[in-house]
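Read-outs throughout are calculated quantities, based only on the coordinates presented, and are distinct from any laboratory measurement. Given the structure is predicted, the values throughout are model-derived calculations rather than measurements.
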Amino acid sequence: MANLAPKKKALGRRTKERLEAFEDERLLRQLLTLPIHLLQEAKSAKQPRKRAMLAQSAIACELLIYAPLRVENLASLHIDRNLERDRERWLIRLPGSMVKNGEDQRFEIPAEAVGRLKAAMRLYTQSDGWLFPGRSGDAKRSGSLSGQIKHIVEQRLGVPFHAHLYRSIAVYLQVRANNAQGFERGRTLLGNRDANTIRRNYSYLADREHLRQAQEEITEQQLSAMRKRR
């Protein structure tokens, strides 16, 4: 009897190619510090619309680094319903009804990032409690926010990008730093039930990191051998 279970979607070739660019440490640093630069620009912007756009972009990029949400969830964040805020931390809570796998999600944003988020929020009005308000008074459409993120990252970094790539970069950072444990941490960050899917899609990143470490070890052994011959 044929297997009628839905086929798991694999990481696409284009996504892999775009993700590969961030193996460049310089480019990765630029992406991780982009929210800081956007906030600085927003503070100095004289036009209210430009100031609001830069501030919202800073918030979106900051949140996606720590909480790699799907853009639909990011765009629909409501301050009263989805954010618990105090002086030192934010908690983002998504009920299962908002999440693809149907399970509640919770992300804690650290104090250092919270300070920047608060500063950015002071630069524009969160109409009706929406973190990313649209022109109609409702939440900004996910397609609009996704396009905004894509434009700002491509403009500043000069490489092809899409907002969903933040999710892949989140796994990449965990796998690179934690090897085997990185897959489980990446799975938790993405809110994915299936650990095998994460391993299948991102094991090539672990292989590359192992190869890089092996080559560094070989280089160190070679240099050590050369020093001993002198």
Structure shown: which of LYS50/LYS150; LYS43/LYS118; LYS100/LYS150; LYS50/LYS118; LYS16/LYS140 lie over 20 Å apart, alpha-carbon to alpha-carbon?
LYS100/LYS150; LYS16/LYS140
Suppose the chain between ARG87 and LEU27 were pulled fully straight at 0.36 nm per residue; how much longer would it get relative to their current alpha carbon spacing?
18.4 nm
Length-normalised contact order of region 62-166 in % [C-alpha pairs under 8 Å, at least 6 apart]:
28 percent
So what is the calculated 222 nm ellipticity per residue for the chain, using -39500 (n - 2.57) for each DSSP H run with n of 4 or more, over all residues, to the nearest 500 deg cm²/dmol?
-20000 deg cm²/dmol
Please compute the contact order of the chain in relative form: average sequence separation of alpha-carbon pairs under 8 Å and at least six residues apart, divided by the residue count, as a percent.
19 percent
Shape descriptor, the chain: equivalent ellipsoid semi-axes (Cα gyration tensor, sqrt 5λ, whole Å, largest first) stand at 34, 24, 16
By how many nm would the segment from GLU220 to HIS164 lengthen if fully extended, with 0.36 nm per residue of separation less the alpha-carbon distance?
16.4 nm
